[in-house]
1. Running a GNM on chain D with Cα contacts under 10 Å, which residue among D:Ala109, D:Ala138, D:Ala18 ends up with the highest mean-square fluctuation?
2. Just check segment D:56-197 against the gyration tensor rule for me: Cα atoms, a ≥ b ≥ c as the square roots of the eigenvalues, rounded for a/c under 1.5, and otherwise prolate or oblate depending on whether a/b exceeds b/c.
3. Eigenvalues of the Cα gyration tensor times 5, then square-rooted: what semi-axes does that give for segment B:23-135, in whole angstrom, largest first?
4. Quick one: 3J(HN,Hα) in Hz for segment B:69-80, Karplus 6.51/-1.76/1.60 with θ = phi - 60°, rounded, Gly and Pro as x.
5. Near B:Leu207, within a Cβ-to-Cβ distance under 15 Å, what is the net charge of the other residues, with Lys and Arg +1 and Asp and Glu -1?
6. Evaluate the relative contact order of segment B:123-227 (contact order divided by residue number), counting alpha-carbon pairs under 8 angstrom at least 6 apart; express in whole percent.
7. May I ask you to sort F:Lys198, A:Lys134 by Cβ crowding, counting other Cβ atoms within 10 Å and putting the fewest first?
8. Taking a ≥ b ≥ c as the square roots of the Cα gyration tensor eigenvalues, with a/c under 1.5 meaning rounded and otherwise prolate when a/b beats b/c, else oblate, which class fits the protein assembly as shown?
Number of protein chains: 6
Amino acid sequence: MYQLGIVKRNIQRADRGAVDRLANFGAATVHEALGRVGLMKPYMRPICTGAHVAGTAVTVLLHPGDNWMLHVAAEQIRAGDVVVAAVTADCTDGFFGDLLATSFQARGARGLIIDAGVRDIKDLVAMGFPVWSKAISAKGTIKATLGSVNITVVCAGAVVNAGDVIVADDDGVVVVPAALAQQTADAAAAREANEVAKRAKFAAGVLGLDLYDMRGTLAQAGLKYID
Amino acid sequence: MYQLGIVKRNIQRADRGAVDRLANFGAATVHEALGRVGLMKPYMRPICTGAHVAGTAVTVLLHPGDNWMLHVAAEQIRAGDVVVAAVTADCTDGFFGDLLATSFQARGARGLIIDAGVRDIKDLVAMGFPVWSKAISAKGTIKATLGSVNITVVCAGAVVNAGDVIVADDDGVVVVPAALAQQTADAAAAREANEVAKRAKFAAGVLGLDLYDMRGTLAQAGLKYID
Amino acid sequence: MYQLGIVKRNIQRADRGAVDRLANFGAATVHEALGRVGLMKPYMRPICTGAHVAGTAVTVLLHPGDNWMLHVAAEQIRAGDVVVAAVTADCTDGFFGDLLATSFQARGARGLIIDAGVRDIKDLVAMGFPVWSKAISAKGTIKATLGSVNITVVCAGAVVNAGDVIVADDDGVVVVPAALAQQTADAAAAREANEVAKRAKFAAGVLGLDLYDMRGTLAQAGLKYID
Amino acid sequence: MYQLGIVKRNIQRADRGAVDRLANFGAATVHEALGRVGLMKPYMRPICTGAHVAGTAVTVLLHPGDNWMLHVAAEQIRAGDVVVAAVTADCTDGFFGDLLATSFQARGARGLIIDAGVRDIKDLVAMGFPVWSKAISAKGTIKATLGSVNITVVCAGAVVNAGDVIVADDDGVVVVPAALAQQTADAAAAREANEVAKRAKFAAGVLGLDLYDMRGTLAQAGLKYID
Amino acid sequence: MYQLGIVKRNIQRADRGAVDRLANFGAATVHEALGRVGLMKPYMRPICTGAHVAGTAVTVLLHPGDNWMLHVAAEQIRAGDVVVAAVTADCTDGFFGDLLATSFQARGARGLIIDAGVRDIKDLVAMGFPVWSKAISAKGTIKATLGSVNITVVCAGAVVNAGDVIVADDDGVVVVPAALAQQTADAAAAREANEVAKRAKFAAGVLGLDLYDMRGTLAQAGLKYID
Amino acid sequence: MYQLGIVKRNIQRADRGAVDRLANFGAATVHEALGRVGLMKPYMRPICTGAHVAGTAVTVLLHPGDNWMLHVAAEQIRAGDVVVAAVTADCTDGFFGDLLATSFQARGARGLIIDAGVRDIKDLVAMGFPVWSKAISAKGTIKATLGSVNITVVCAGAVVNAGDVIVADDDGVVVVPAALAQQTADAAAAREANEVAKRAKFAAGVLGLDLYDMRGTLAQAGLKYID
């Protein structure tokens, strides 16, 4: 992990079918389906509400104020990928703007997850290129120091291996290990099916206290009602 | 204050008429009308701009990562209430999503104020259920530890008693003690009436320096004009 | 710098033609054109996405919780100005709302940049008065202590002299010294022209690696490709 | 709560004997003894490690950048009090320095808890006057706006009534309601007695797994050991 | 990674000799020797200045407000280990105090690295048990939810595998993969040897400009001297 | 301001006598004497309590993660200088350690003020080289991009011109324009003399209410005493 100056060309991407099934579910559902792990920190926010993507990770390790490796990463993108960019130290500079977005989009990228800043927000939104970032900043970057592409990185507190599935929406960004993509999609589907019935009951006024049969456990834990 | 494991069933809600009058005013106006106290910290933000609610508080004290008491609170909601959730320590987890929102809405809740995170943002917005929160996070919670319902809580720096009036909009969240609801509505109405005339004068180019007769005080304080 | 109790009436505003030319470019482009300096910190955010202004700075130095000098500043505004407000210590109070916005707008101000909080967000957006701020807060301010108008201030980490050009959009706020306005507009135009061709190539699938001829430098720096 | 412009002269201080018993215990022990409530947020830190005080609260509500009411509060101090200062909005200014500390100390105050900044750190430490604060700042304050003394305040997220017991050490600041002082001291003593035996066992190598008989519960919860 | 409810008993610890050699170097030197990777975020601070430890990692994954797994981890500690505790979401609660420290110390632990809060600071310092943490808080935790022991975790932005070497001092915490311990110790020794000569030259007034032969490169980069 | 790639060799340092007089006063006193302006933000903290320096500023503008210009600055240091380092974007990397400190000390520098991180804390403290910084981080920096030396910079929110006086202690860092050094020293001396008498009165139990004759103003402002 964290070797500098390396580009891995052949990575094992998660099964495309599983990725596309995962695209039907929100980040919260996928996070639960995965066993409540793999979530990036909540400071990662979409630059525009309403975006929702699922794709396979091309990972990049950057240095503060230096976006050189994003150009190296562009060549490794295949249709259906999501680029995941980590930085070796906290930085809010705008590493990514409309030119790189044009390039990434032309290569087939579905979006960008970056633990740093981005710029050209108006253009990115107009292009429909979804981005989740830590910051927005007009400050550009230089191209001077080697990082790596497709090594394992830590992005916003989550470990991401090249080829893992990224599911991102307004609730946040979750990472599904490639090997667990199919079973996570199954679990997400089951969970969602289960919620349809619950939602109808809640809408009809049934309480969670009864739906989940909590009254006994609460009483046992010592809950007291006072008039 | 802060007794754990208690649910107060009978609370004294602020007068409904006063609450509905307060609904006509923004949080900034109500805050001024109340004597510039009772405001939650500005990190409390609506999940969607444009929301504006006034209602009576059903309070909940939660533990980090545990939303059990939100289900207990649901049963105490009456039409016109706003649920106010405090947590015993800082936490950004998503304590609340579309299922609980469906339940709260079915019980007549007008919104949620929570000093923590929420999730299922897209659904909440689509449902038109207004939420003010500290964070957005896909991370769910467990149901293991007792908190309390309708005790006095501190939410985002403001004391909230069950039955107090909550007024929230894009500017923030203000808490009006139930006993002061009527007089605060009166003061807000007076303030707003007063601002109509001022706004017209400002629009016509009159300066605050003249409208508020500040020139003498400024000179006395020592303000110097330099060419 | 930072003399309290002073209002400079005659300031040297940047050339209007240059300001209007700069209005054609985003903050990121202007920041690059200026040599990558003069950017405010990225915590300065527009209260509403999509705003884009360029204007000449009327500067104000405020004290925490005290907006008295904003009224003094109003008188100094001329058509095409942008008010830039600094505070002597960190503060999130709402120093500015719809009444002052009405006054500023009537005086010809194009917007406000304030290193503090603002309120009446809904009204400000409805009025189309653009504001970049550090916070949103319903909490109002008092009028008790002298600051200054049109002295040099530090706002969100950037030095601003009265008369400098402010360019602000969704990416942030950049300050162009009045004497450099024309040449910065030239450089921005050149940069933008240059980007049109690049954007087309990126859209056609050309990689930055080739467009910027980076492969040699990367190899020289030691980049290794692994299969 | 939060009435401005009021000084309550006669307050009901917690029993002195109970306060002095509580002085034997750390904030963590008292917090547990009280039922795990009443703790200020952990950003409140002592200006010097090793301080440990217990006393009865004289409360003050201040405005940002204005320390006028600290002088009003000084007159209300009796021997054994701890001053607790809240502010109506976040502020890091240095509200308190060596002169006020000299005055407070002369009046018999045991320390200061302030949800803002202080200055003259070197002098305060030399005087042996303990302070817990949110910040350290050389920036002084003005004396212009009324707050209140001995009303109920929210300080660093905790509700404090005049006369409540404050226990503060390197671990933080806890507030014990005056009426619960005696029983909390009892509970703290019991807890501490209990810990002596435990500490000896831990030191002898006994595991918490066995001391607290956790193995069964862990297995039941599904914990698996892998070789 | 991140499987819940698992305890790995047999882990491959880094070579003891290499660990003890690494103990001779500071975190900054080890970080450079490792190729400038593996550093935890700088919010991780020692509870007491002057501490310096190197040891093999026993990892723990905790849930917010729940320290159950620290007791499970205690049993896995061998002499020379450092416990590294990650949490599934941001939390500042005090997960660890003097009792657990007594237990860990009795088991041979050299210290604790925890991405959360600790308490009983005075006792921990008196015991000489070194701790690096994100926060200090008197608030205790419950024992209700399973995490894991000796799985790979992300702690303060760094990936830690059970058995990796942890080197921590006043500058921060660095993680050396077990397989690289020996060669990192070699590189650190070489680096340190090299610095001795440099330090002497700097002390004699030689400039880095000359020592590192930078004048040419600076001139080539365009640096201009102005009188 | 903010021209990149420039080193100003001949700067106008503040009068040495005035600097040495200012060294007798704390940052808080100097800040008041200067008219309550010129203070850096309170996040700037000494790496070791008890340090107190006054000196003339040699300024440096750095880029995130790049300390090249600190070596360029070293050559410009004369006995009695304090180096003030600003960065073009927020960064916590450790730009400065024991080698550079050895060099700076050999050149006669009295200390370093840096709006970023430093490392080798133990060595810096042992050397007695005082540093005020935003962060401590073991992460080193590269030497790749030109900044400037002795241009005007913004450091932690304060404008600093080369040659200005820096006064720093446990309370923070204040910047005195070179031209105001003498009169600020006079004002500080007067202020300090005035405080001696006040301190004695406070120690004797006189209240600020009486010493500053506040009772009338407070009553006029509407303060009410309640029994």
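1. The residue that fluctuates most here is D:Ala138.
2. prolate
3. 21, 16, 14
4. Here the 3J(HN,Hα) series is 5, 5, 5, 5, 5, 3, 5, 8, 6, 10, 3, x Hz.
5. So the surrounding residues net to +4.
6. It rounds to 11 percent for segment B:123-227.
7. By the 10 Å Cβ count, ascending, the order reads F:Lys198, A:Lys134.
8. Since a/c stays below 1.5, the shape of the protein assembly as shown is classed as rounded.
Bear in mind that the values in this text are calculations on the coordinates, not laboratory data. Being a predicted model, the structure only gives us computed values, none of them experimental. Here Cβ is always computed from backbone atoms with ideal geometry, including for glycine, and neighbour counts include all displayed protein chains.
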